[in-house]
1. Mind checking the dipole of the range 2-90: about its Cα centre, +1 per Lys or Arg Cβ, -1 per Asp or Glu Cβ, Debye to the nearest 20?
2. Please report, ordered by residue number, every helix of the chain (full DSSP H runs) that is 18 Å or longer along its axis going by C-alpha atoms and whose mean Kyte-Doolittle hydropathy reaches 0.5.
3. Taking +1 at the Cβ of each Lys and Arg and -1 at the Cβ of each Asp and Glu, which of SER71, ILE4, VAL48 sits farthest along the dipole of the range 2-90 towards its positive end, judged by Cα position relative to the Cα centre?
4. If you count, for each residue, the other Cβ atoms within 10 Å and average over each peptide, how do 104-116, 62-74, 21-33 line up from highest to lowest?
5. Kindly put TRP45, TRP2 in sequence by how many other C-beta atoms sit within 10 Å of each C-beta, fewest to most.
6. Please work out the Kirkwood hydrodynamic radius for the range 2-90, using every pair of different C-alpha atoms, and report it in angstroms with one decimal place.
7. So which aspartates and glutamates can LYS99 reach, going by Cα to Cα under 17 Å and dropping same-chain residues fewer than 8 places off?
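Only the coordinates and a few stated rules stand behind these numbers; no lab work does. All values derive from a computational prediction rather than experimental measurement. Glycine gets a Cβ as well: all are built from the backbone with ideal geometry, and neighbour counts include every protein chain shown.
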Amino acid sequence: MWFIFALLSAVFAALTSILTKIGIDGVNSNLATAIRTVVVVGLAWGMVFLTHAQNGLTDISRKSWIFLILSGLATGASWLCYYKALQAGEVSKVVPVDKLSVVLTLVLAFVFLHEEFTFKKLAGCLLIGAGTLIMVL
């Protein structure tokens, strides 16, 4: 089931890039990010109430709150930079560079989460890095 959701995530992320590039024309990138964020917040809270997950708010630990807030700050910074990059550059070049996050995530997962770093993962990282370089040159 995780694969289906991951694939859907990729489809929606692809749509996001195209829709953003069209919608950001003539709009300040920070303002565009704020508009997108309001929509995402509404959608997320709508799903919380639709699935009756709001009762779990009181069960969240202090550690989880801290890391979820830090994650939100990282997401916000990522979106602000992504919109600015999309406004200034071509989607076909911005998106591959943005997807270098896959390589960075694998390295960080190895360092901080002590996940196994196999030859297969190393090869994938190198191929993604090489592919990104080829696409942006």
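1. Roughly 180 debye, rounded to the nearest 20.
2. Sorted by number, the helices that extend far enough and score high enough are 2-23, 29-50, 62-88, 119-136.
3. Result: SER71.
4. Highest mean packing first, the order is 21-33, 104-116, 62-74.
5. TRP2, TRP45
6. 15.0 Å is the Kirkwood radius here.
7. In chain and number order, the partners are GLU90.
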